[in-house]
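Asker: What follows is a structure written as structure tokens; I'll ask about it next.
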Amino acid sequence: MMRQLDRTSVNCGRTAVVRAGSLALIAFLAVCASAAAQDRPVPDTYTATTTGMTPDGQGLRFVVTQWSDDGDRSVVVSVLDGEESPSEVLSELSSVGAVWLDGSGAGYAIKYAHRAATDDGGEVVTLVTDRPVGSYNFRPWSVENSTATALVEYSVIELRLDASGSGVGTMSLAADVTTDEDADTVSLVRADGTPDVLADVSLEPKPYWARDDG
């Protein structure tokens, strides 16, 4: 009987050691995974919904993995100013993000991403894709009361957010594109009657460990 009890005690002790070791390993792996996640750059993600255009109510997600620096912006501005087929040249440039349509696997590469602070604490975000957003759809995208005088073979998206991180936006389907070579910027001309075709624009919050105040 004593031997049996001794064996049982030994087995229980071994089980406890194994469990303790397993818990320690799990905790270690969790710490490593958390550290690795924090080392990865977290994209800036904006969402919006189309309004007053075809299609209406289409959800969009703009994922910016890298903001274009002065040199990268200068290249895109030069392409838009000087190329007869800018879409082909833009497609060869490095992507800095993507535009995704809700409910679709189709994505559009972002080749230019710029943001500028506004006086009220908000920001203006400008994105350029190498092909028109919506060009994969069977039915072409359109804006009935567009102030654009010509269609372009790429897309420019302009998002205007307030200090709380929400706002509205428009696209090159609704407004003409203009460039500023001195500032290396692309923007949309907001003429009288230019519609905001993007509603519920919002900046998604980042994980706590990736926030500036985290």
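Every read-out reported here was derived from the displayed coordinates using simple, explicitly stated rules and does not represent laboratory data. As the structure is a prediction and not an experimental result, all values here were calculated from the model. Every residue, glycine as well, gets a Cβ built from its backbone with ideal geometry; the counts of neighbours run over all protein chains shown.
Asker: Pop a pseudo-label 7 angstrom from the Cα along the beta-carbon direction at both Ser91 and Leu151 and give the gap in nm to one decimal.
Answerer: Label-label distance for Ser91 and Leu151, simple model: 1.7 nm.
Asker: Just how far, in whole angstrom, is the range 105-165 from the range 61-88 if you go by their alpha carbon centroids?
Answerer: Computed from Cα coordinates, the inter-centre distance equals 13 Å.
Asker: Can you list residues whose amide H is under 5 Å from Val133's amide H, if they're 5+ apart or on another chain and H is modeled 1.01 Å from N?
Answerer: Sorted by chain and number, the residues that satisfy this are Ser155.
Asker: Sorted by average packing, counted as other Cβ atoms within 10 angstrom per residue and highest first, what order do 123-136, 177-190 take?
Answerer: Result, highest mean first: 123-136, 177-190.
Asker: Right, next: Express in % the proportion of alpha carbon pairs of the range 118-191 at distances exceeding 22 Å.
Answerer: Across the range 118-191, Cα pairs with separations above 22 Å total 27 percent.
Asker: Under the Karplus relation 6.51 cos²θ - 1.76 cosθ + 1.60, θ = phi - 60°, what is the ordered set of whole-Hz ³J(HN,Hα) values for the range 74-80, x standing for Gly and Pro?
Answerer: 4, 4, 5, 4, 5, 5, 5
Asker: What residues qualify as long-range amide H neighbours of Ile110, i.e. H under 5 Å apart, gap of 5 or more or another chain, H built at 1.01 Å from N?
Answerer: When sequence neighbours closer than 5 places are left aside, the close amide H contacts are Val96, Gly97, Ala98, Val99.
Asker: Let's see if you can work this out: charge +1 on each Lys and Arg Cβ, -1 on each Asp and Glu Cβ, no other charges. What is the dipole magnitude of the range 80-214 about its Cα centre, in debye to the nearest 20?
Answerer: Dipole size: approximately 560 debye.
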